[in-house]
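The values are calculated or read from the model by the stated rules, or taken from the named source; none is laboratory data. These figures come from a predicted structure and were not determined experimentally. Here the Cβ positions follow ideal geometry from the backbone for every residue, glycine too, while neighbour counts run over all protein chains shown.
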Amino acid sequence: MSATKSKLNEFEKKNPFNTPSGYFERFTFEMMSKLPERAEAPANVVSIWSRMKPLVYMAAMFCGIALMFKIFTSNTGAPDVQSGLTFTSPSEIEDFYTYYEDQLAIDNYRQSLFIEQDSDSK
């Protein structure tokens, strides 16, 4: 075992590896000479559409949001008779209600015809 220790002690302090003289001074030049020549990359051409696309998409998004806001905030039920109509005289009010009653009567008549046709077909 003492022989093994003495051999290890010989190599312990000595570096068995070495570099050739002037290796690091010539390294860059030799490496660059071994690389192939680099071809120039063509310049990227950016079209007008590529530049305008984000702006067009953003404008479409805002139009969609405005349209949805308009649809969801609009009154989807029956029209409000009191807020939408203005009458200047009592005769206009009477004419309106007469017309409205006539329309209701016509609608009821059409519904009754539809119900009668439906019951006859069964």
Legend entry - Members of region 32-82 found to be within 30 Å of Y100 (Cα to Cα), modelled with pLDDT of 85 or more and among the hydroxyl-bearing types (S, T, Y), listed by number: T73
Inset, instruction - Keeping to region 83-104, report how many residues are of a type outside the set (S, T, Y) and at pLDDT 85 or above. - result: 7
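Rundown of residues vs (1) touching a Ser or Thr at 6+ places or on another chain (Cβ under 8 Å); (2) among the β-branched types (V, I, T); (3) loosely packed, with under 10 Cβ neighbours inside 10 Å, yes/no style:
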position: M32; (1), (2), (3): no, no, yes
position: L35; (1), (2), (3): no, no, yes
position: A41; (1), (2), (3): no, no, yes
position: M61; (1), (2), (3): no, no, no
position: I71; (1), (2), (3): no, yes, yes
Inset, instruction - May I ask you to list the residues in region 48-59 that are surrounded by 10 or more Cβ atoms within 10 Å (Cβ to Cβ) and among the hydrophobic types (A, V, I, L, M, F, W, C)? - result: M52, V56, M58, A59
